[in-house]
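Asks: The structure that follows is given in the form of structure tokens.
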Amino acid sequence: MTPALPGAAAGAGVAAMTVPPAAFLLVGTLLFFIGVAGALLKRNALSMFLSIELMMNAVNLLFLTYARMRGDAAGQMVVFFVIAVAAAEAAVGLAIFVALFRARMTIDVDKANLLKW
């Protein structure tokens, strides 16, 4: 039998470690701004797409953090739907990139004038 940690109930085993919500909020905010910088500074369409995905995942982390702080499941339901929409958006976006690359042999957004008349 393993000895209980100080402060843990007898027979509880290993005590759970908790991370403060402020740490999740900080990580989510940093990830969001890294995504914003990537979306604004990159010229490659795929890099911009990945930056937007990073921003969506950062918002998902923030939704989950606030849901945990409030103690309800509404944030988890929103995140579930955002992930489902992101999967569909990723499939459509990658198909557009493949079609753009086949037509122009580049996915550079400065050189992509496919939608112009």
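Asks: Provide, in order from the shortest bin, the percent of all Cα-Cα pairs of segment 62-108 in each 10 Å bin, continuing until the bin that contains the maximum pair distance.
Replies: 26, 27, 21, 17, 9, 0
Asks: To continue, here is another question. For V78 and L41, FRET efficiency with R0 = 35 Å and r from the beta-carbon atoms, rounded to 0.05?
Replies: Working: r = 29 Å, r/R0 = 0.83.
Between L41 and V78 the formula returns 0.75.
Asks: Further question on the same structure: For a protection proxy built on the mean count of beta-carbon atoms within 10 angstrom, sort 86-95, 51-60 highest first, please. Could you put the intermediate results ahead of the total?
Replies: Details: 86-95: 12.1, 51-60: 18.0.
Output ranking for 86-95, 51-60: 51-60, 86-95.
Asks: To make sure I understand, if each residue's beta carbon is the centre and we count other beta carbons within 10 Å, what order do M105, M48 fall in, fewest to most? Please list the in-between numbers first.
Replies: Details: M105 8, M48 18.
With the fewest neighbours first, M105, M48 line up as M105, M48.
Asks: Determine the sum of side-chain charges near Q76: Lys and Arg each +1, Asp and Glu each -1, restricted to other residues whose C-beta is under 14 angstrom from that of Q76.
Replies: Numbers: positive: R68, R70; negative: D72.
Residues near Q76 contribute +1 overall.
Each value in this text was obtained by applying a stated rule to the coordinates, not by laboratory testing. From a predicted model like this one, the values you see are computed outputs, not experimental measurements. Glycine gets a Cβ as well: all are built from the backbone with ideal geometry, and neighbour counts include every protein chain shown.
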